[in-house]
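Here's the structure, in structure tokens; my notes come after.
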Amino acid sequence: MQWTCPIRTGAETRPDAPALTFAGQGWTYRELDLEVGRWVGALRARGVTAGDRVALLATNHAVGVFLFLALGRLGAVLVPLNARLTRAELQPLTEDISPRLTLALTNLAERLPDAEPLESFADALGAPDSHCVPLETKTPRVILFTSGTTGRPKGAVLTEGNFRASARCSEANLGPHPAPRWLGTLPLFHVGGLAMLTRTAYDGGCLVLRERFEADDTNRAIDEEGITHASFVATTLERVLDARKDRPVPSTFRLALIGGGPVPAPLLERARAAGILSLQTYGLTEACSQVTTERPDEADGRTAGRPLPGLELRIVGPGGEAVGPGREGDIEVRGPTVMAGYWNRPEATSEALRDGWLRTKDLGVLDERGRLTVLSRRTDLIVRGGENIYPAELEAVLAAHPAVQEAAVVGVPDGRWGEVPVAFVATRNGVPLPEDLGTWCRESLAGFKVPARFLSIEALPRNAMGKVERTVLRQRAQAA
């Protein structure tokens, strides 16, 4: 199947409808079509063609939207990099993808030595270029890096078909809307942010883009800008309710998707009392965002909902056999939103994709109604305020400290962030715990990954197979 650019389609069918707002500016579909055309011309002038990768380091900005849409018209691939990563973390990612072009916002460019300032690139734009290749279902659109439990980054290749299917399946679950206005506070370097962008474009709606989440600003947008949909994690939902003092939202606001892990029942009750229908979701990058979501007419906050219409989900036991309701096991997903594979990682792709099923390595259980409860995100994964933290990555940094013999990192519950990482450190020769461990970590890791606490331990507890007993460490961390 082939598709054309949704903005080009919108410019032909609803040219004066709002398509994008950012920082006090707005673009109709006609205006956005022309702006994207200018970016197409600039990219073609730089030799960007179908299949080329363009790396981008940026926080949310309108020019990031222009770039993504323009690359689609060329059949090229966007590689959005996490703007919270350090220079050391970013280097192997860009080396892996060999980009034709690397762009970064000026204030972030120092982290990517070969990056061109995104603003300068935009200033050099000329007349609109009408070039717009049709996109196939399997045309790669984005490579998003996501780490496994080993901590080694893998680039998930998401296609035009993945994004189209994700939007279609989500609409089938949430119900259609003639002109949705999504509040874009999720970063566009995360699958949730990109799914929101594409969903809005395909549905003929408007993305109300923000550089970052701010509770007061979010409430102003809900109250004054006609927001119909938003996406939050538990911490941001709570901050929104606190800031508005539980004041009811206007009738124009329809619902909020809640990701990043389970949401406390009292928080959901607060949200619904304020008129915010909050639907819990379960998703992952490799499945182009949502996999399951509560249905608006049966949401009770007890599960992450059923699979989206058009997707299949099963729970499998240790031998790979599907198990019935009430039985715990590994979550597997099949359907048109599942990624094409990992970039340049055939072995990892073969491990993750078996007979069309995506092996998430998350643990879960289905109830009699087919609703999913997620028991563990990739076993050792720590989810801090919606950001994934993989213990192996932190442990490798700590192990490189000259005074550290060994280290293990576990997640513990936190009232603000959901979970925070706590590091257990055994030092060499029994020396006192170094005071500079936080500084040491910040030199190589993004701030949200740095352990909240460092606890001294004589030796890490291990089982008969020599594996660290993380359950024991979690109990100790919580007791401490």
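FYI, it's all coordinate maths here, none of it is from the lab. Predicted, not measured: the structure shown is a model, and the values here were computed from it. Please note: Cβ atoms are built from the backbone with ideal geometry, for glycine as well, and neighbour counts cover all protein chains shown.
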**OP:** Please give the length that would be gained between Ala265 and Glu406 if that part of the chain were fully extended, namely 0.36 nm times their separation in residues minus their C-alpha to C-alpha distance (nm, one decimal).
**Re:** 46.9 nm
Original post:
segment 382-405 to segment 257-271: how many Å between their Cα centroids?
Top reply: 27
Subject >> Order of Lys361, Lys245, Lys138 - criterion: other Cβ atoms within 10 Å of each residue's Cβ, fewest first >> reply: Lys245, Lys138, Lys361
Original post:
Per q in 0.08, 0.09, 0.12 1/Å, what log10 I(q)/I(0) does a Debye calculation on the alpha-carbon atoms of the chain return?
Top reply: -0.49, -0.62, -1.13
Subject >> Label-point gap, in nm, between Arg302 and Asp414 - each point 7 angstrom along Cα→Cβ >> reply: 3.1
Original post:
Which whole-number percent is the relative contact order of the chain (Cα, under 8 Å, 6+ apart)?
Top reply: 11
**OP:** Could you pull out the longest piece of the chain with no exposed loop GluC sites (Glu not before Pro) in it, calling a site exposed if DSSP puts it outside H, G, I, E, B and it has at most 14 other Cβ atoms within 10 Å?
**Re:** 1-224
Original post:
Any idea how far apart Ala446 and Thr9 come out in nm if each label point goes 7 Å out from Cα toward Cβ?
Top reply: 3.1
Original post:
Which entries in the list Lys245/Lys449; Lys361/Lys449; Lys138/Lys449 go over 28 Å, if you measure between the two C-alpha atoms of each?
Top reply: Lys245/Lys449; Lys138/Lys449
Subject >> Residues Glu368 and Arg84, FRET efficiency given R0 of 45 Å [Cβ-Cβ distance, rounded to 0.05] >> reply: 0.65
**OP:** Sort Asp297, Asp52 so the one with the fewest other Cβ atoms within 10 Å of its own Cβ comes first.
**Re:** Asp297, Asp52
**OP:** At 7 Å along the Cα-to-beta-carbon direction for both Asp123 and Arg295, put a label point, then send me their distance in nm to one decimal.
**Re:** 5.5
Original post:
So for Leu257, Leu277, fewest C-beta neighbours within 10 Å to most, what's the order?
Top reply: Leu277, Leu257
Original post:
Working out 0.36 nm times the residue gap between Asp246 and Ala392, then minus their Cα-Cα distance, what length gain in nm do you get to one decimal?
Top reply: 48.6 nm
**OP:** Helix by helix through the chain, keep the DSSP H runs that span 18 Å or more along the axis on Cα and average at least 0.5 on Kyte-Doolittle, and give those back in order.
**Re:** 62-74
Original post:
Expressed in nm to one decimal, what extension gain is obtained for the pair Val316 and Arg474 from 0.36 nm per residue of sequence separation less their Cα-Cα distance?
Top reply: 54.2 nm
